[in-house]
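Step one of this worksheet: look at the structure below.
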């Protein structure tokens, strides 16, 4: 049995709505005490800090990217009213891009996020 890393993915489903799914990534490299995934390409990274009280509008992800929570908490809300909270050390892969040839509809597409709790939100975005 090989070790795996669980990738949490925010994606655009066939009906245009953002949803969550999980995908295992096999850890096939390294040694038994430090298993690694194969090297994955990336297109750069950005660091962001959002103050206490930050809240975005509904939007789609421009380019798929990993989102790592470094400090504070981030809550992601979907069109169906559900939400998930991510804390320091947690991550998700944001790939809920607008379908090609589609005009953005804030009643259908995307997600919104907010800073949660007493600490500013600090995130690392790694383009994938």
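Numerical summary
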read-out	value
Percent antiparallel among DSSP beta bridges (both partners in the range 4-127, rounded to 5)	95 percent
Alpha-carbon centroids, the range 37-53 and the range 80-98: separation in whole Å	13 Å
Pair residue 104, residue 9: separation of 7 Å Cα→Cβ label points (nm)	2.3 nm
Dimensionless Rg over Rh [the range 4-127; C-alpha; Kirkwood]	0.99
5 Å binning of all Cα-Cα separations within the range 1-59, expressed as whole percents from 0 upward	4, 12, 13, 15, 18, 16, 11, 7, 3
Fewest-first sequence of 9, 76 by Cβ atoms within 10 Å of each Cβ	9, 76
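Laboratory data are not the source of any read-out in this text; all were calculated from the coordinates shown. In this text the structure is predicted, and so the values were computed from the model without any measurement. Ideal geometry is used to build each Cβ from the backbone, glycine not excepted, and the neighbour counts take in all protein chains shown.
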